[in-house]
Each structure stands twice: as C-alpha cells, then as structure tokens.
Amino acid sequence: MTDTPVAGKLPGTGATRPGLAATLSRRAQDLLLSDYFVLYLSLAYFIILIPFLPNLSNPANISNILSNMWPLLVVATGQTFVLTVGGIDLSQGSVIGLTSVIAGALLATAASGSVLANAPIWGIIISEEGGLLAGHTGAIWIGIAAMLATAALIGAINGISVAVLNMPPFMVTLVGLIVYGALAIWLTQSENIRPLPESFIQLGKGDIVSVYLGEQDEPRIPRRQIYSFVTYPMLIAVGIAIAASILLSRTVFGRYVYAIGANRRAAEISGVPVRRVIVAVFVISALCAAAGSILYSARLEGGRPTLGEGAFLLDVIGAVVIGGTSLFGGRGRILWTVFGVLFFVLLSNTLNLMNLSSFHIDMVKGGVILGAAMLNVLRERLIRERSR
Amino acid sequence: MSHLLTLQDLSKAFFGVHAVQGVTLNIPEGAVTGLIGENGAGKSTLMNMIGGIHQPTSGSMYWRDTPYTPRDTAAATETGIAFIHQELNLFYNLTISENLFIDGFPKRLGLIDRKAIDSRTRELLKLLDLDLAPDTLLGELSPGERQLVEIAKALHREAELIIFDEPTTSLTPREIERLFEVIDRLRSNGKTVIFISHVLGDVERLCDHIAVMRDGQLVAEGPTSDFGIPEMIQAMIGRELSALFPDRTAQPGAEIVAEAINLTQPGVMKDVSFQIRSGEILGLFGLMGSGRSELARVLFGLDPVASGEIKLGGKPLSGGPQARIRAGLAFVTENRREEGLLMDAPISDNLSLVSISRFGRTPLNLVDRPGIAQATADISDQVTLKAGDISVQPAKALSGGNQQKVVIGKWLMEDPRLFILDEPTRGVDVGAKYEIYTLADRLAAEGGAVLIISSELEELMGMCDRIMVMNQGEIIDTFAEKPWSQKAILAAAFREVAA
C-alpha cells in the first residue's frame, strides 16, 4: 500500500523494445492472456509427465493431489484479497499455527502430562481430561468460533496498522509472523496437542463420495483402496472460493478493493472508504488462514504450533502470484488463484514422485516461481502493448 | 541558415495505424523551432523517432546532411541530441553532480573523483545562472530548478539539439521566465532547440520557426512572423475556432451554495473567506505555493484546518472526502495521474468509481453491471469522450484531454452542488480545453457552483464571473468587474505580502 515501483517508470528505462505483440502470434497472445492460462499449463504439465511418472495418474495420487489442494486454496484465497488491494500478508502462517493451538487446547479429548506439563496452558486450559471444552455439546463449533475470532482480531490489528497508522504491510505482517508464531510455540512449548474429537477430524478428512477400485469379490474393503474425491475439505474450500470470488468480482466491496489496489490516493479522493476496506481485507485474509488451519489441524488430528511455518508462505504467495494476481495490487482473481494452487500442488506432487529430497523440492519450486514471475512480466508487457 | 536535422518523408505506424505520416521538415541550426498540435497529433511520436526511442516505419533522417538512424536513446545522445521530457529523467535521491555524471563518473584510484565532478558541475550551473551547491540533493529543488539541472545534463553531454516537451506545465511564472532566458541564451550560443508546447503565447514569444502537426501530418510550417495565435489554432484543429472560450449561458443566481468562513491553518492559509452562488463560476488565481491547491484540499477534507468553517447549502461540512461527496462536493484534482485516475483500469471503472455504491443491489450488494454500462456510456456521451470500448480500454490509453474528461465525468452521476476544478486544462490541447470550459458552463447553468483554480489567468478571465487572488495563503483581492484588469490581478498575485 506504499508507493510501489511500476515497471517502465524508472528513469532511463523509457525506451521500448521491439513489440512483444509483433513477435507472438495472435493465438499465443490470447492463450497467454487467458484467465485459464495456468489451468492449461497445469494440464499440459500433467499430461507430459504421465509417461515418466506412471503413478501420477493413479486414482490414489489424484485423490492425494486434491486433498493437498483444498487447505492451501482456502489460505491463498485470503492472500489474493490482500495482494489485490496492494498489500501482502505474511502473518497468515503464524495465524494458522496459533489457531491450531487454540483448537487443540480447547478441543483435545485427552492430554498427556508428560508431554505438556511444561506448557503455560497446562492446568489452566488443558489437563489430563483434555481441553477446556472437552465433552461439552457443540464444543467444536465453539472451538471454531474461538479460532475465527482470534484470527479476526489479528487481521484487524494488521489492517488498522496498515490503513490507519500507514505502516507498510510487509513490516506489519512480518512482525505478526514472528510474534504470533512465537506465541503459538510458547503456549505448548512446541508440543503437539492430541487427540482431537472425531467430529472435528471429519472436517479435514471426511469423505462424502469415494471410489473403490479394488477387487470386487473381497469381503472387506481395505482402507488404502478407498479413494476419496468429494470430501468435507473440498466442500469447505470450494464454498469459500466461490463466495470469495463473488465478493471480489461482483460486489461494491470488490470494486473498492480493485480501486484501492490500482491507486489508493485516487480511490480516497473518489470517496472510497479506503481504511475500512483495507481493514476488512486483512480480516478476510486472517479468517481464511484460520479456516485453512481448521482443515490442516483436522487432517493432522492435532493442534500443532508449527503449522504454517517455514516454506508454507512460499506456497501460498507463490500459488497466488503464479495464478496471475499482481504483487503490486489492482489485478487479481480468485479463479486465477484456484489454478495457481492446482499448479503448485501438482508441482510438489510430481517432485515428490521423483523421489527428490525436500531440499531439492524447494530449489526446484523456487525456480518454477521465478519462471512464473517471468511469464507474468511477459503478460503485463503484452497487456501494456495491447492497450497502447 | 544551415539545417542541423532534416526529416525526409518520415512515417511511423503502430499496429498498422499511422501515428506520423510523411513528415518532411528541416530543423534550422542555432534557432528555436516550435512544434505544436493537439494531443494525439503525432508530436511525441515524431520526437521519439528523433530521440531514438521509436524507429521509423519509413522515411529517413539526416544529421548535418549525413544519414542519421539512431537505434536507441544512447545513439541519439551520442549524436548530440538531448530530450527533456515532461517527466524528468532525474534521480531525486542523488545530488546534482551525481545526476549529471550518472552515465560515466570520472574516477581517481577507482573511486569517484568528487572534486572533478563538483567543479564541472559548478561550471555548468554557472552557465545557467543557477546558484546551487553541486552536492545539493535533487529532491530539495523546485520543479523549475530540476528542469535547469536536466538542461545542465544536456550541456554536459555537449548536446547540439535540445528537445523540450511541454517544459512549462509545472513551473511558476517566474520559473518560466527564467527557463525562457536560458533558452534564449542557448540559442545565442549556437544551440538548436525544439520547443513543444500547448501554450501558444509562449511559442509565439520564444520560437523563430513554427511547425504545426495534425493527425500525424505536418500541416503548416514557417517563420513565426507568418503566424498569429488564431492562425496556429486554425492549423492545429483544421477549422476556425470562433473563440477560445464558449459563451456563458447563465448568470449567477441569488442562492449562496457554498461558503468558507475564516479558514486558517498555520503556515498554509490565513482567514480565507468567500462565497459562491448558484450558477456562478468563481476563479481562484495564484502562483504556485500561494495556497490555492491547499485551499482545494481543505475544502474537500483531505487536509486539516485549524479553525474556520465551510458551509454547503447552509449546512456546515465536516469529515473526510466521503462525507463531503455525499453532501454535494466534487473535486477534480490537479494531479490526474497520481490522484485522479486508476490509469490501468478500464475507463468505465473510472467513470463509475465515485458512484459505485449506487449500483449495489441488495441483499449481497452485488453490482448492477448492465446499469453501470448504461450509466457510464451516458456520461461518456455527456463529456464528449473520444475513446474506444470504455469497458476495456484503460484510462492511460487516452490523450490528456480525454483523461481529464474522465476525471470530470466520474463526478457527474452525483449531481454535485459545488465543483472544484484544480488546473482543469493543464496539459490539455485547445480543442479539449474548449470542451472542458463548455462542461464547466453547463454545470453552472444547471444551478451548480464552480470553483476553478488555475495558473492560467487567461482562462479565468475567459470563464469566470469573479476572480479571487490568493497570495501567501491569503485572499488578497477579489475582482468582479469586466473588462478585467489583467495588470491589477497580476499585481495582486505577485505582491509581496508582509508576513
């Protein structure tokens, strides 16, 4: 939300190179500028790799790719709003960890003193009998409400710091990443809290439609041969993405987000409620992080303070940017983010199938993000040339 | 007189559309050539070819009778051409001398030879009568001084031909005077100048020759003595413009629409009071730094004010821009690139921005897209916008005049009671100016009040019912009698006010 450099505006770079529009065929240009470009890219990548990685197209693997997509999509949806308004939210990672701890501390059905005895919450919120809400009716809904409320508070603090106090979003949310992350780890002394109630775990794993592809005559279906496709996480993620897409592209609020991202000062003079919108956007981002935390915690069956740490933010921001949302604000779409997330998850999955170590995976991922950023530059240049 | 640069049947097409077509022109050495034309006439494209930014589609150029084919800007600089753009190519975080030497520092023992660059810089600054230390940061200079530094840079590179693109738009009258003295001096030192401007009076005063472009072609050319301002205008727009200003269609009414009472903000303004009636166009004249734009920002709630009151329709105004827009205020900022437009967004998004909340449909506040398309198309007609598909074309693709119409147009759906226009015709060509004046008249005729802030006294005298003069944060005088006394108004604006 601070003044961002605009490509081509730097002194001395006024000269234009031979037009990109002239060197690319019309069809290639249309493809590059299409909303579905990253989807085509993902499909092409998928098809090309099938001969080399036969397991890639296994139902089990596809089910796995999908299950990795949903929580990331939920978090990336929130990030899309922040990037579109011209900001960045690094604190999403720590919001996930902190809210996961809250889920554990409130909902755990039991806990072990030998693991958690040193944690400051031991004996206050959580004990041998489990979390504060263990055994209460409707506990998981209260627990989820607590997670969302915490996230909303953090989002509001971020938003107010940026919109009202005019602090740079990078700084504000970087501090958030450090502080809330440390808080989460301190609360449990870095220990995971488990087990969580089955009804909560269902949110991260529960199948609605699953496919059995094993032998028909076996009396009992082995668990590993059931491949789930329509799951609770899928419904939750798709629901959030559709709602977010409508909010961003069809509502007055969404128009405000684009206007502020494109030119905050012009938006302010035009009567756009700039501060309110920015605060709301950061709240949305944190809420999406918390929703992602619900899916991750449920899937991992525990409250984990280290959820969302490390290279996770790379996945989130990388997926959004690969989708085509601008890091400088004013351009972004939830649909793009859906495809960006698909591409990213597919990428991680194929690298895993190649039996690369996690270090290699991160190195390759970094290279792919760089390549995607390059493609984005080409797209921006093409848009500029076409509009001249 | 010999020719420094000759353009022979020069053309440039973008995507098959000619921006410049068959221009043949001689630039005489040691003289100032004025290049005029409406926005989009092809002046910039022509100059960009000379400056090596664009390459001609056909035709040729000769520099001192040898073929000249610059591949890039570096080649043009090498040849001896300096291009001073409207937006200066300077680094505000570096010093004057660093700016001059940015493309090649003399070194001593591997480090920058500060002494050498400072002494050379002092020499160049002296040539321009610029009394500044070489290690002054560029960011601390006024716009006029920055421009002189850009000229110093051209001299440092021993440019023979210096092209000025709209050099006066952000200068005060005094700075303009100084710039003209410098250009005169460059000419007497044998330098050649191409001067592009919309201010025809300046062109008449400064230039030896004039070339007029229209629709990519050179339509008139000759010594300045062959041209009067009416002839220049006729050549530029291809028809006779009966007047520079439209006739006013309404008289001010009796109702006081807006009122400022003793607005005071220490260091910015003092005891500013005035009233505007319905149907009235009130002019606010002042030099840069007189507080005129600050007053507009205070009226609109963008800047704070320590004491005083602003009333609109008898009710006191408070709060930020949002509340004041709702009360009936509209503000066309002087800075349309930074504050007026979403440059990358489609024209229709710009036109609907102020009134977008009117298009929210319950229960989800979804925007009524057909409604917006209809309303923005209407506005686009009302302001006689010349554009392609407004739902696709970005604002930045428009010419300056049409961009300004968008900035004005985005307020029209609100039916504002008081329209504040800050420098509404800056960087806008003659034809579009006329259309903007016509819009201002219409707003007044429909019962609104219009406050025009301008540093062009002529346009205020042409359009306003009264002219207030601001000087060092105070309203010094208000003139109402026609014919206007230009002398008295200027005297009030320039008068030294006891602090």
DSSP-loop chymotrypsin sites (Phe, Trp or Tyr not before Pro) across region A:41-147, with at most 14 other Cβ within 10 angstrom:
A:52
May I ask for the equivalent-ellipsoid semi-axes of chain A, computed as the square root of five times each C-alpha gyration tensor eigenvalue and listed largest first in whole Å?
37, 29, 17
The answer for GluC sites (Glu not before Pro) in region B:405-496 that fall in a DSSP coil and have at most 14 neighbouring Cβ atoms within 10 Å is B:446, B:481, B:496
Rounded to 0.05, the calculated FRET efficiency for the beta carbons of residue B:114 and residue B:311 at R₀ = 60 Å is 0.55
Using the 10 angstrom Cβ neighbour count as an exposure proxy, how do B:207, A:288 rank, fewest first?
B:207, A:288
Need one number: nm distance between label points at residue A:385 and residue B:75, each 7 Å from Cα along Cα→Cβ, rounded to one decimal.
1.9 nm
Taking region B:3-237, the lysine pairs whose C-alpha atoms sit under 15 Å apart (8 or more places apart or on different chains) add up to 4
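Could you tally the net charge around residue B:24, taking each other residue with its Cβ under 12 Å from the Cβ of residue B:24, Lys/Arg +1 and Asp/Glu -1?
Overall, the nearby charge balance is -2.
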For a footprinting-style exposure proxy, rank A:278, A:178, B:408 by other Cβ within 10 Å, fewest first.
A:178, B:408, A:278
Say we join alpha carbon atoms closer than 10 Å with springs in a Gaussian network model of chain A; which of A:308, A:155, A:135 then has the biggest fluctuation?
A:135
Contour excess over end-to-end distance, with Cα ends at residue B:24 and residue B:205 and 0.36 nm allotted per residue:
62.7 nm
Modelling each spin label as a point 7 Å along the Cα-to-Cβ direction, I'd like the residue A:355/residue A:165 distance in nm, to one decimal.
5.2 nm
Which distance in Å, rounded to a whole number, links the C-alpha centroids of region A:52-116 and region A:185-206?
13 Å
Compute the separation of the alpha-carbon centres of region A:239-273 and region B:362-411 and state it in Å as a whole number.
17 Å
With +1 on the Cβ of every Lys and Arg and -1 on the Cβ of every Asp and Glu, and nothing else charged, how large is the dipole of the protein assembly as shown about its Cα centre, in debye rounded to the nearest 20?
1780 debye
Pull up the cross-link candidates among the lysines for residue B:311, meaning alpha carbon to alpha carbon under 22 Å and not fewer than 8 places away within one chain.
B:270
Unit Cα scatterers, Debye sum, region B:252-394: log10 I(q)/I(0) for q = 0.10, 0.15, 0.18, 0.19 Å⁻¹
-0.46, -0.94, -1.15, -1.19
What chymotrypsin sites (Phe, Trp or Tyr not before Pro) in region B:83-184 are in a loop by DSSP, with at most 13 other Cβ atoms within 10 Å of the Cβ?
B:92
Once the piece of chain linking residue A:250 and residue A:110 is laid out straight, how much longer is it, given 0.36 nm per residue of separation minus the C-alpha distance between them?
45.8 nm
Tell me, what is the FRET efficiency for residue B:396 and residue A:202 to the nearest 0.05, using R0 = 60 angstrom and their Cβ-Cβ distance as r?
0.70
Reciprocal mean inverse distance between Cα atoms of region B:256-494 - Kirkwood radius, Å:
18.3 Å
Taking the Cβ of residue B:48 as the centre, find all other residues whose Cβ is under 12 Å away and add up their charges (Lys, Arg: +1; Asp, Glu: -1).
0
Largest-first principal axis extents, alpha carbons of region B:397-499, Å:
45, 30, 29
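Could you tell me what % of all Cα pairs in the protein assembly as shown have separations over 51 Å?
Values: 118996 of 392941 pairs.
Cα-Cα pairs of the protein assembly as shown separated by over 51 Å account for 30 percent.
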Residue A:153 paired with residue A:35, simple spin-label distance in nm, labels 7 Å along Cα-to-beta-carbon:
3.9 nm
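Using a/c under 1.5 as the rounded threshold, could you call region A:270-318 rounded, prolate or oblate? The axes a ≥ b ≥ c are square roots of the C-alpha gyration tensor eigenvalues, and prolate needs a/b larger than b/c, oblate otherwise.
prolate
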What number in nm² do you get for chain B if you take the convex hull of its Cα atoms and divide its surface by four?
27.0 nm²
Cα-Cα pairs in region B:3-237 separated by more than 29 Å, as a whole percent of all pairs, come to 29 percent
By the Cα gyration tensor axes a ≥ b ≥ c (a/c under 1.5 gives rounded; else a/b larger than b/c gives prolate, otherwise oblate), the shape of region A:220-329 is prolate
Can you give the local net charge around residue B:3? Use residues other than it whose beta-carbon is closer than 14 angstrom to its beta-carbon, Lys and Arg +1, Asp and Glu -1.
-4
Pick out, from A:253, B:217, B:228, the residue whose Cα sits farthest towards the positive end of the charge dipole of the protein assembly as shown, with +1 on the Cβ of Lys and Arg and -1 on the Cβ of Asp and Glu.
A:253
Likely footprinting exposure, B:478, B:425, fewest C-beta neighbours within 10 Å first:
B:478, B:425
Tell me, how many Å apart are the Cα centres for region B:423-499 and for region B:90-109?
42 Å
More than 21 angstrom separation, counting every C-alpha pair in region A:31-182; what % is that?
63 percent
Quick one: dipole size for chain B, taken about the Cα centre, charges +1 on Lys/Arg Cβ and -1 on Asp/Glu Cβ, in debye to the nearest 20.
800 debye
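No lab work stands behind these numbers, since they all come straight from the coordinates. Quantities reported herein were computed from a predicted structural model and do not represent experimental measurements. Methodologically, a virtual Cβ is constructed for each residue, glycine included, from the backbone with ideal geometry; neighbour enumeration extends over all protein chains shown.
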